[in-house]
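> Pasting a structure here, questions to come.
The values are calculated or read from the model by the stated rules, or taken from the named source; none is laboratory data. Remember, predicted model here, so these are calculated numbers, not experimental data. A quick note on method: Cβ atoms are made from the backbone with ideal geometry, for glycine too, and the neighbour counts reach across all protein chains shown.
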Amino acid sequence: MTDSPETENPVPLATSDDLARYTLHSAVEVVYVLRTLIKSGQMVAVYFNHGKDFMLTTLLDVDPAKGQLILDWGGSEATNQRFLNSERNVFVTSPGGVKIQFVTTQAQQVSFNGRPAFAVAVPDTAIKLQRREFFRLETPISNPYLLTVHGHESGEQVLPLHDISLGGVGLTVGNPTQFNFLEELPDCKLDLREFGILPLALQVRNVVTIEHRGGGISHRMGCQFISPRSSVQNILQRFIAQLERERNALLKR
């Protein structure tokens with residue numbers, strides 16, 4: 001397990017009635033999904049401590065009879081302890097472009113194959129979907145697009161864009177304590193240069209600290225769009241299509 005991701009990580013979906021038809025309620029189906037992730041060794045992002053903390057892990061085993069899911073122990077003891085103290089944990093992964101998300105209750109420390117590991121209760125449900133708006137594309141780092149938050153209690157904030165989808169954005173923040181989980185930011189402007197400046201309302205979905213393998217840390221905030229206008233959605237679609245074309249062109253070189 002690591003809390004030092006170097007690549008784009010999936011962001012939790014907001015709970016809504018729109019996701020109900022993608023939710024698996026059968027215990028057999030949920031366990032099948034978990035076993036598929038275990039067999040593939042798929043990395044899974046875990047958001048915990050009310051969305052303030054984040055780590056990557058792999059699932060090691062699932063025992064339906066005991067109702068127990070085992071996951072890898074982490075390299076950071078501080079992160080391990082915060083995870084053990086978290087009462088609600090959101091697991092997210094996107095194997096092969098299919099987004100899978102489930103929620104567990106508090107973890108406990110166990111021994112698995114002679115090594116420390118985490119155990120959580122097998123989730124009652126899991127979300128499994130493939131929808132374009134929930135997949136984020138990373139944006140340029142060297143000359144980032146900027147989002148301005150107006151009217152915030154901490155003053156006007158200009159935040160570099162890290163990634164974008166039709167459902168929301170990832171932003172780099174200097175001080176993660178300025179924003180709270182589920183906080184609404186009703187007056188934002190996203191400058192997409194030749195595509196224009198888009199008025200947006202956002203809801204904070206997570207604020208995480210990322211420790212990089214090469215040293216240093218950064219803070220990232222994931223936000224969901226709140227009822228964007230159809231004209232804004234059309235511009236976002238065109239902008240994301242251009243990002244995809246540019247990325248595909250680079251991959252072909």
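> Cβ-Cβ distance below 6 Å, separation of 6 or more or different chains: which pairs start in region 74-85 with a residue that is of a type in the set (A, V, I, L, M) and end on one that is modelled with pLDDT of 95 or more?
Taking only residues 6 or more apart or on different chains, the pairs are L84/A107.
> Exactly one condition in (1) at pLDDT 95 or above; (2) in contact with a Pro (Cβ under 8 Å, 6 or more places away or on another chain); (3) closer than 26 Å to E183 by Cα is false for A45; which is it?
(1)
> Can you tell me which residue among I70, I100 is of a type in the set (A, V, I, L, M), more than 22 Å from H212 (Cβ to Cβ), at pLDDT 95 or above and not in a helix (DSSP H, G or I)?
I70
> In region 115-212, which strands (runs of 3 or more DSSP E) lie fully inside it and hold 1 or more residues that are assigned by TED's automatic domain parsing to the domain that holds V103?
Because the criterion is at least 1 residues that are assigned by TED's automatic domain parsing to the domain that holds V103, the strands (runs of 3 or more DSSP E) in region 115-212 that meet it are 115-121, 126-129.
> I need a count of the residues in region 20-59 that are under 22 Å from A117 (Cβ atoms) and touching a Phe, Trp or Tyr at 6+ places or on another chain (Cβ under 6 Å).
Going through region 20-59 one residue at a time, the tally reaches 5.
> Just the residues that are of a type in the set (S, T, Y) and touching an Asp or Glu at 6+ places or on another chain (Cβ under 6 Å), please, taken from region 37-75.
Once the filter is applied, which keeps residues that are of a type in the set (S, T, Y) and touching an Asp or Glu at 6+ places or on another chain (Cβ under 6 Å), region 37-75 yields T57, T58.
> Quick one: P228 ticks every box in (1) part of a loop (DSSP other than H, G, I, E, B); (2) exposed (fewer than 14 other Cβ atoms within 10 Å of the Cβ) except a single one, so which number is it?
Condition not satisfied by P228: (2).
> In the set D124, D163, which member is over 20 Å from the mean Cα position of the chain (by Cα) and in contact (Cβ under 8 Å) with a residue 40 or more places away in the chain?
D124
> While we're on this one: State yes or no: is V149 more than 20 Å from the chain's Cα centre (by Cα) and of a type outside the set (S, T, N, Q)?
Considered against the rule, which asks whether it is more than 20 Å from the chain's Cα centre (by Cα) and of a type outside the set (S, T, N, Q), V149 comes out as yes.
> If you don't mind, there's one more thing I want to ask. Is one or more of the residues making up region 141-155 of a type in the set (S, T, Y), closer than 22 Å to H50 by Cα and without any contact (Cβ under 8 Å) to a residue 40 or more places away in the chain?
Yes, the conditions are met somewhere in region 141-155.
> Select from region 149-171 the residues that are touching a His at 6+ places or on another chain (Cβ under 9 Å) and buried (at least 17 other Cβ atoms within 10 Å of the Cβ) and write down the one among them that is nearest to L200 (Cα to Cα).
Only one residue fits best here, namely V169.
> Is there a residue being among the basic types (K, R), within 26 Å of F179 (Cα to Cα) and not assigned by TED's automatic domain parsing to the domain that holds T177 anywhere in region 79-93?
yes
> If you scan region 1-32, which residues turn out to be surrounded by fewer than 20 Cβ atoms within 10 Å (Cβ to Cβ) and modelled with pLDDT of 90 or more?
Correct list: L24, H25, S26, A27, V28, E29, V31, Y32.
> Something else: State all residues of region 73-97 that are of a type in the set (D, E) and either surrounded by 20 or more Cβ atoms within 10 Å (Cβ to Cβ) or assigned to a loop (DSSP other than H, G, I, E, B) (or both); if no residue qualifies, say none.
E87
> Here is a further query. Contact list please: Cβ distance under 6 Å, first residue in region 183-205 and free of Cβ contacts under 8 Å to residues at least 24 places away in the same chain, second residue assigned to a strand (DSSP E or B) and surrounded by 14 or more Cβ atoms within 10 Å (Cβ to Cβ), pairs at least six apart or on different chains.
Going by the 6 Å Cβ cut-off, the qualifying pairs are E183/V204; I197/K189; I197/D191.
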